[in-house]
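Student: Structure provided below as structure tokens; questions to follow.
The values are calculated or read from the model by the stated rules, or taken from the named source; none is laboratory data. Quick caveat, the model's predicted, so the values are computed rather than measured. Cβ sites come from the backbone with ideal geometry, for glycine too, and all protein chains shown count toward neighbours.
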Amino acid sequence: MPFHASSLRTVRVLALALAGSFAAAQAGAQSAATSELYQSFGEQAGLLALSTDLVDRVSSDPRIAGFFEKTNRAALAKQLADQFCQLLGGPCRYAGVDMKTVHQEMGISKADFHALVEDLQAAMAARHIPFSVQNQLLARLAPMHRDIIETP
Ligand code: HEM
């Protein structure tokens, strides 16, 4: 009987240890995959170059340029670079205002949002970022549309 109880305990301890190391391995694999994604965007320097190009593109895109007339472009590019970096599993933290607060009362429509996404796709293509990698950033940005779009 005591033998049975202790072997049961051993089995439980082993199972817990295995589950623990499985979880740790999974978390490790996940963070390795995400930081690989961050690296494929050229890390911080690459992301700042990408977001600077994006801000230039949206500011000269006749569909949405009006929104950015009074914008400090360099400051916006820096905030976007930090935000993208964080979303891609890089070492930065976005310290700006939340998406709902920033964009409220701008009256951004679905079409405006899509115009910006197209400009982002063009900026990523210009940097030869592979299509599958582009889609990973777009997928992380897509849910934000709920906080940004105000008019149909
Ligand atoms: C996924 C889509 C978008 C993301 C991730 C995004 C992200 C951001 C970020 C990080 C900021 C800076 C916030 C801060 O300074 O604290 C910002 C500001 C701003 N965004 Fe967006 N944005 C998106 C879509 C749009 C769209 C579609 C428009 C208009 C067409 C827009 C117009 C602006 C403007 C005008 C500002 C303020 C810039 C200023 O300070 O003058 N954004 N956005």
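Student: Which of the residues belonging to segment 75-120 are near the ligand (Cβ under 7 Å from one of its atoms), of a type outside the set (Phe, Trp, Tyr) and part of a loop (DSSP other than H, G, I, E, B)?
Tutor: Within segment 75-120, Gly96, Val97, Met106, Ile108 meet the criteria.
Student: Still on this structure, I have one more. How many residues, within segment 46-60, are surrounded by fewer than 18 Cβ atoms within 10 Å (Cβ to Cβ) and either without any contact (Cβ under 8 Å) to a residue 60 or more places away in the chain or over 12 Å from Ala126 (Cα atoms) (or both)?
Tutor: Total meeting the criteria: 3.
Student: Moving on to the next point. Taking only segment 42-74 into account, find how many residues are aliphatic (A, V, I, L, M) and part of a loop (DSSP other than H, G, I, E, B).
Tutor: 1
Student: What are the residues in segment 121-147 that are within 18 Å of Phe41 (Cβ to Cβ), assigned to a helix (DSSP H, G or I) and of a type in the set (D, E, K, R), if any?
Tutor: Correct list: Arg140 only.
Student: From the list Ala95, Ala126, Ala65, Ala77, exactly one residue is at pLDDT 95 or above and either touching a strand residue (DSSP E or B) at 6+ places or on another chain (Cβ under 9 Å) or crowded, with 18+ Cβ neighbours inside 10 Å (or both). Which is it?
Tutor: Numbers: Ala95 fails: either touching a strand residue (DSSP E or B) at 6+ places or on another chain (Cβ under 9 Å) or crowded, with 18+ Cβ neighbours inside 10 Å (or both); Ala126 fails: either touching a strand residue (DSSP E or B) at 6+ places or on another chain (Cβ under 9 Å) or crowded, with 18+ Cβ neighbours inside 10 Å (or both); Ala65 fails: either touching a strand residue (DSSP E or B) at 6+ places or on another chain (Cβ under 9 Å) or crowded, with 18+ Cβ neighbours inside 10 Å (or both).
On inspection, the qualifying residue turns out to be Ala77.
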